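The values are calculated or read from the model by the stated rules, or taken from the named source; none is laboratory data. Bear in mind that the values here come from a model prediction, so they are computed numbers and not experimental data. Note that we place each Cβ from the backbone using ideal geometry, even for glycine, and neighbour counts take in every protein chain shown.
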Amino acid sequence: MSSVKDWAAPNPITENRGGLIGKGVERYEGRLKVTGSAPYAYEVEAPSRPAIGYMATASIAKGRITRIDTTAAEASPGVLLVWTHLNVPAQAPRGTRANPRSQRPSNPALAGDRIENFGQTVAFVVADTFENARAAANLIEIEYAAEQGVVDFVASFDQADQPPGEEDVHIGDFPAAFAAAPVTVDETYESPVQNHVQMEPCATTAWWDGDKVTVHTSIQMVKGGQHALAETLAIPSDHVHLLTRYIGGGFGGKGQAYDDLILSALAARALGQPVKLAYTRQQMFHGTIHRPAVSMRVRLGAQPDGRLTAFAVEAITHCARNAIFTEHAANFSRNLYAAPNRLTGHRLVKMDLPGAGPMRAPGEAPGMLSLECAMDELAEKLGLDPIELRIRNEPDVDPETGKPFSVRQLVQCMRDGATRFGWERRNPKPGQVRDGRWLVGMGMAAAIRGNFLLPAKAGVRIDADGTITLRQGMTDIGTGTYTILAQITAETMGVPMEQVKVEMGDSNFPPAPGSGGQFGAATAGSAAYEAGMNLRKALTALAVGDPNSPLYGGPAEYVTFENGNIAIENRSETLAALVARAAPDGVYVEGSISPAADARDYSQHTYGAHFAEVGVDTVTGEVRMRKMFGVFAAGRILNAKTARSQITGGMIWGVGTALTESNVVDARYGSFINQDMAGYLVPAHADIVDLDAIFLDEADDKANPMGIKGVGELGICGAGAAVANAIYNATGVRLRDYPMTPEKVLEGMLAVGL
Amino acid sequence: MRPFTYERAPDALSAVKAVAENPGAKFLAGGTNLLDLMKLDIERPTHLVDVGRLPFAGVEEVNGGLRIGGAMVNSKLAAHPRVRELYPVLVRALVSGASGQLRNKATTAGNLLQRTRCAYFYDTTKPCNKRQPGSGCSALEGVHGAHDAIFGASKACIATHPSDMAVALTALGASVETLTPTGASRTLAVQDLHRLPGETPHVETDLAPGELITAVLVPPPPEGGQVYRKVRGRASYAHGIASVAVAGGRVALGAVAHKPWRAAHIEDALSSGASPAEAAEAELSKADRNDHNALKITLVGRLAAAAIEESKTRRVA
């Protein structure tokens, strides 16, 4: 186990002699993507023409299939196979983990006659064309014995329990302190079910070679997908070759395997030919996970000077009855503001809706919508600026654990952001600023998101032509992973970007945990760095040990790698020359990273401050963004361009959260009413007018050898609350029920006489 | 999508006859709505007659107004210099509808005949009288959306017509020119083209089977300003929660009924000297008020009043 002390010494990344770290390098795979030539899972070339699958899905939320008639479907043109629970090939029972090291257990499709949620796969057709498969699937007749499920979240709070294995966190005496506090806020905030709506739906192309299967699939975690398929099919995991090279968005929704992976592999085996299968847009809403609704009660008690003395954040959320997941919407608040008396915790309702799961900063994203508005409400009650209130509650050490912060620039983010955004233009009294038919307002919110390092490996080889290839079982879900791994490898090896290739998304490559939890760059990148350092050692040994090298016999500790050369002072040669001569078959090494035990001695997070300016139509209640700006502190930034893109992307999702995104449940049917992107609105270009973000200079030497941290999820954390606070500042309408649609805003405006 | 056959009609009369003679046949032009509905198994035609390439894609000057070809795509119509000059309300309505990509394909006639966006109509697992006559209306007791009708709804259907363009055309007093299966031509006002749901919400227009809209006739612009305003959940493309078109003294409302809604009470009130707010109240007091739609009624009233007010400051060149 390594120690954070090992990471303090200068290294090629922190010295950055080649200047590649932090540079806004163009996307490594950008040309492939914009020219449409990056093969996504559904588009890869199979060894022969694939047959096409299509799934039929359940029309009830809970119950049992009593009759299923596939006669017409089987007789339909082009049909090769029709499966239901009655004739699907054998699979391991759900949850089987035959290999204890499997990261994911079995996840069988069509496993029985029970219906556990609306949209569950109930039949599967494979045909020669997509159209024939879909037409046949529509001919399948199914009858159900429906049962009453628990599908109405708000009506089911009485069934909320403590999540398994969790306890509330009590510090000090919250009830007494809250009762004694001269100024209090006690409000409840609601955020709805949300959907990932990735541009690319879940999809798989599968084929077999003997007893081994190759699957190209769209998944965030390579090993998880490989193991889930192996366990389900009850085959050794090394008989599954899983590839996921390009992914059209994940957002947490592709952290697990779905029926496309299982059914395409089963059908390819049964038919002896490649099979591909994708979810339709409509099927994605129920067939894959969603972010659960969260109801959050926030109680703040403060002294007249703004110091918090009582602090409680409690969340009620829900998950599927047979797939326990807790949206930890209160966790972030444990590390954000000082207060001696604290209460945080979660309650969970088990429901008969589709599975709840991680989505875009699980926990923080819905959670911060509550506290960061409650702070705005408290600031107004105290007559304090919302930034000043937060500064007065800035803790010296982690407010829950008492641990020191690794580095924390939250106050600097707020101050810097206020200056750059022009926060002094804000009129603290709401409803005062008009621009034609618009009421204009500004709001801000803090951002916090944890930083993580997981175990990972990477392999790197150099060939005789000098090409350096990084190989890793990592994924790029559109975030820029290819690019930053190329930068890290090039900088570590002292070569130009053009000399580096990155290959990933392959279960045969050294494993990395994949994309999620904003741990990807730090985790995969640190392993890539370690592999590069090992390659430097191997090449150093090669050079100083080779009589034909100008470095021969030189001191290994003085060897440098710059400009494609290996050198000791003025004795140098190109890496290509060295390898071509001394190791013509190339050199391959691996490297690995693991969390440092003493990293846990620090409270380690990424931080930011959001600023939003909105216009609210005084007639209709429509809210339109006018400006959004964020300042973030997230360690050393690897790529100015992809990091900015990620963080502003998160801010845009915050706008969606605040204004439009919601999957409404019709409790009569246990289904979401909006099942396409005409009904589930996410921000598009015209919704985002003036948006920018900057990063503060920072390096976190407790994070990893490179001092970097994640930026994938920080951008959404708090963003929606800044928009909500701006709506309040514009109108004096305080809404606590997301999203803030024109109807809700208008209702609020009517209530205040607008 | 069920299997279907396809033909490209050589001329309009052949197209009309082909559809009139085959109960399973439908016209296809831009396909931006029909093809989506076929993929979702909501529309199930057995035969498609492609009229998208018939020579109905131009704009002609007629008696101080314009004759717009039924196959002209929305984006070209919105960009046409004479349309921009004479009918700003129509241009605003056109560019408020759908997305740029869809407007590049969607035709004038097809836009008029697009089907509702009611979420229950789109979900084939739910009852819908429009999709399956007699099955019931799941929207009626469903999640009451901002998209429900507030005028002319029935127990059988509370869906709204989603077109923006049709609202502007209604305010402009436009009519459609059709070709009937006998080869005769007829015209009917856009405001009379669509029906209220009644007991038969699946019958959406007064067109006979096979009758083809070949053109839209827009009379000379009325005296007075023109305004189109649409309320929607986001600034970029989205189906309207409500919209209003004002053309001089004529006013039409969108996303409030099974058809573009000519606001005759507003027009009457305005002509009798009522204020915009009073005029709006005259219309909205006649709305089908229930436990769920008070807010929408209020919204439409505010929107209509504001648009009428705004129209007083606008003048056609």
Quiz item: Can A:E327 be described as surrounded by fewer than 23 Cβ atoms within 10 Å (Cβ to Cβ) and either within 25 Å of A:F405 (Cβ to Cβ) or in contact with a His (Cβ under 9 Å, 6 or more places away or on another chain) (or both)?
Solution: no
Practice problem: Quick one: which residue in A:V579, A:V614, A:V619 is within 14 Å of another protein chain (Cβ to nearest Cβ), more than 32 Å from the chain's Cα centre (by Cα) and aliphatic (A, V, I, L, M)? | Solution: A:V619
Exercise. State whether one or more residues within segment B:168-179 are part of a loop (DSSP other than H, G, I, E, B), out of contact with any Pro (no Cβ under 6 Å at 6 or more places or on another chain), farther than 28 Å from A:E743 by Cα and within 14 Å of chain A (Cβ to nearest Cβ).
Key: no
Quiz item: Looking at A:G441, A:G459, which is the one that is more than 24 Å from A:P705 (Cα to Cα), in contact (Cβ under 8 Å) with a residue 60 or more places away in the chain and crowded, with 17+ Cβ neighbours inside 10 Å?
Solution: A:G441
Practice problem: Grab the helices (runs of 4 or more DSSP H) fully contained in segment A:1-109, keeping just those with 1 or more residues being loosely packed, with under 15 Cβ neighbours inside 10 Å and hydrophobic (A, V, I, L, M, F, W, C). | Solution: A:30-34, A:71-74
Quiz item: If you check every pair at least six apart or on different chains, which have Cβ atoms under 8 Å apart with a residue in segment A:531-542 that is free of Cβ contacts under 8 Å to residues at least 40 places away in the same chain first and a residue that is in a helix (DSSP H, G or I) second?
Solution: A:T540/A:A556; A:A541/A:A556
Quiz item: If you scan segment B:1-15, which residues turn out to be surrounded by 14 or more Cβ atoms within 10 Å (Cβ to Cβ) and within 14 Å of another protein chain (Cβ to nearest Cβ)?
Solution: B:M1, B:R2, B:F4
Quiz item: A:D697 is checked against (1) assigned to a loop (DSSP other than H, G, I, E, B); (2) under 23 Å from the mean Cα position of the chain (by Cα); (3) within 24 Å of A:R390 (Cα to Cα) and fails just one. What number does that condition carry?
Solution: (2)
Quiz item: When segment B:16-25 is examined, which residues are found to be crowded, with 17+ Cβ neighbours inside 10 Å and under 28 Å from A:L139 (Cα atoms)?
Solution: B:A18, B:V19, B:A20, B:A25
Quiz item: Are any residues in segment B:236-256 away from every other protein chain (no Cβ under 14 Å) and surrounded by fewer than 24 Cβ atoms within 10 Å (Cβ to Cβ), and if so, which ones?
Solution: B:G248, B:G249, B:R250
Self-check item: Single condition B:I150 does not satisfy, out of (1) surrounded by fewer than 24 Cβ atoms within 10 Å (Cβ to Cβ); (2) modelled with pLDDT of 95 or more; (3) within 14 Å of chain A (Cβ to nearest Cβ); (4) part of a loop (DSSP other than H, G, I, E, B)
Solution: (1)
Practice problem: Could you please let me know if A:G656 is crowded, with 22+ Cβ neighbours inside 10 Å, at positive phi, out of contact with any Leu (no Cβ under 6 Å at 6 or more places or on another chain) and within 14 Å of chain B (Cβ to nearest Cβ)? | Solution: no
Quiz item: If you go through segment A:349-377 one residue at a time, how many are of a type outside the set (D, E, K, R) and under 26 Å from A:G732 (Cβ atoms)?
Solution: 9
Exercise. Please report, ordered by residue number, the strands (runs of 3 or more DSSP E) entirely within segment A:476-578 with at least 3 residues that are of a type outside the set (V, I, T) and over 30 Å from A:I716 (Cα atoms).
Key: A:571-574
Quiz item: If you scan segment A:596-622, which residues turn out to be in contact with a Pro (Cβ under 9 Å, 6 or more places away or on another chain), within 30 Å of A:A521 (Cβ to Cβ) and surrounded by 17 or more Cβ atoms within 10 Å (Cβ to Cβ)?
Solution: A:Y602, A:S603
Quiz item: Are any of the residues in segment B:189-205 in contact with a Gly (Cβ under 7 Å, 6 or more places away or on another chain), among the hydrophobic types (A, V, I, L, M, F, W, C) and within 19 Å of B:V16 (Cβ to Cβ)?
Solution: no
Exercise. Please specify each residue of segment A:391-407 satisfying the condition of being touching a strand residue (DSSP E or B) at 6+ places or on another chain (Cβ under 6 Å) and buried (at least 19 other Cβ atoms within 10 Å of the Cβ).
Key: A:N393, A:D398, A:F405
